[in-house]
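The values are calculated or read from the model by the stated rules, or taken from the named source; none is laboratory data. Remember, predicted model here, so these are calculated numbers, not experimental data. A quick note on method: Cβ atoms are made from the backbone with ideal geometry, for glycine too, and the neighbour counts reach across all protein chains shown. Ligands, DNA and RNA are excluded from the accessible area calculation, which covers all protein heavy atoms including side chains. Shrake-Rupley method; radii C 1.70, N 1.55, O 1.52, S 1.80 Å.
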Amino acid sequence: MKVTIVGAGNVGASCADVISYRGIASEVVILDIKEGFAEGKAMDLMQCATNTGFNTQVTGITNDYSKTANSDVVVITSGIPRKPGMTREELIGINAGIVKSVVENVLVHSPNTIVVVVSNPMDTMTYLALKATGLPKNRIIGMGGALDSSRFKYYLSKALNKPANDVSAMVIGGHGDTTMIPLTRLASYNGIPVSEFLSAAELEKVAADTMVGGATLTGLLGTSAWYAPGASVAYLVDSILNNQKKMIACSVFLEGEYGQSDICIGVPCIIGKNGIEQIVDIQLNDAEKAAFHKSADAVRNMNADLKSVLA
């Protein structure tokens with residue numbers, strides 16, 4: 001199995017690291033526009049092989065899309081990262097042109113690939129990739145919900161003082177500080193609702209911390225996070241390449257599901273060898289439905305700025 005990662009920055013390199021270390025793919029290609037940058041990242045990763053025991057072949061290339069040919073999955077991380085005080089929405093003008101160019105170039109050499117979009121604002125970039133290529137919606141996946149859900153589980157595990165791997169929880173809606181919806185009502189610890197262990201006030205704080213999880217890290221690091229995003233991408237890619245049928249919150253094009261159409265936004269999906277194999281329609285309560293519709297309105301407003309790019 002071959003995976004191409006476009007963008008050799010922190011997120012792309014972390015993704016390549018996890019995919020290689022876990023043996024998710026036999027070949028990883030990292031592509032970047034900066035001369036020698038991807039080559040250096042690939043060389044650094046390959047020099048880990050004897051110490052960590054992986055056999056994945058990692059190659060770095062500068063802007064030569066022909067070397068990405070026949071990729072099973074292409075991950076797009078390119079674009080500028082968030083700076084302190086910057087919202088994901090402010091990135092749209094810069095990153096839209098980059099993502100459109102990248103997805104068009106990779107499809108020339110890998111026409112049957114599944115595309116995973118990481119670039120921000122992620123829901124809008126996923127929508128752009130779908131509309132610019134005309135690919136079926138199962139082959140264009142936005143990663144954000146997987147990352148947001150991992151952060152939700154982290155904050156829940158801290159509040160519970162229990163292992164994060166024992167926590168089941170999901171975030172739906174837009175991948176933004178004000179648009180994501182941590183589903184506290186459905187979160188559980190080893191099958192028991194977390195509301196049995198945490199008060200309403202504690203759950204409200206967990207949800208609030210989750211929603212600003214990315215901004216919190218940006219403030220601390222001075223740039224966007226990379227370890228958890230990279231691991232979240234690898235988790236998603238693993239479910240695709242190994243046909244694991246995992247239920248993962250992903251940004252996907254909706255055609256009436258959850259009362260929304262002509263929008264890419266985070267909902268639970270079954271992820272397998274065909275990409276999005278099923279959109280899972282969970283029963284939201286009235287408050288959750290209202291929050292989801294509000295989130296969709298915000299994402300749709302951002303999508304309106306794509307008119308010039310898609311013209």
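Which entry in (i) 19.4; (ii) 20.6; (iii) 27.9 matches Kirkwood radius over Cα pairs in Å derived from the coordinates of this structure? Here the calculated entry is (i). With the simple model of a label 7 Å out from the Cα in the direction of the Cβ, residue 242 to residue 22 spans 0.7 nm. Largest first, the extents of the alpha carbon coordinates of the stretch 238-311 on the three principal axes equal 37, 36, 17 Å. Per residue, the Cα convex hull of the stretch 135-260 amounts to 131 Å³. When the listed pairs 34/245; 41/245; 34/153; 2/131; 137/205; 131/294 are checked against a 28 Å cut-off, the alpha-carbon distance exceeds it for 34/245; 41/245; 34/153; 137/205. Per residue, the Cα convex hull of the stretch 1-62 amounts to 58 Å³.
With a cut-off of 8 Å between alpha carbons and a minimum separation of six or more residues, what is the relative contact order of the chain in percent?
On the way: 667 pairs, mean separation 57.0, N = 311.
Worked out over the chain, it gives 18 percent.
Measuring with a 1.4 angstrom probe and ignoring ligands and nucleic acids, residue 247 comes out at about 100 Å² accessible. Restriction of the GluC sites (Glu not before Pro) in the stretch 1-107 to DSSP coil positions whose beta-carbon has at most 14 other beta-carbons within 10 angstrom yields 35.
Mind putting a number on the dipole of the stretch 1-101 about its Cα centre? Charges go on the C-beta only, +1 for Lys and Arg and -1 for Asp and Glu, and I need it in Debye to the nearest 20. Mind dumping the intermediate values first?
On the way: 9 positive and 10 negative charges, 41 e Å.
For this selection, approximately 200 debye.
When only alpha carbons are used to place a centre, the stretch 151-171 and the stretch 220-253 end up 17 Å from one another. With only the Cα atoms considered, the stretch 50-204 has a convex hull volume of 175 Å³ per residue. The spacing between the stretch 20-85 and the stretch 265-311, judged by their C-alpha centroids, is 29 Å.
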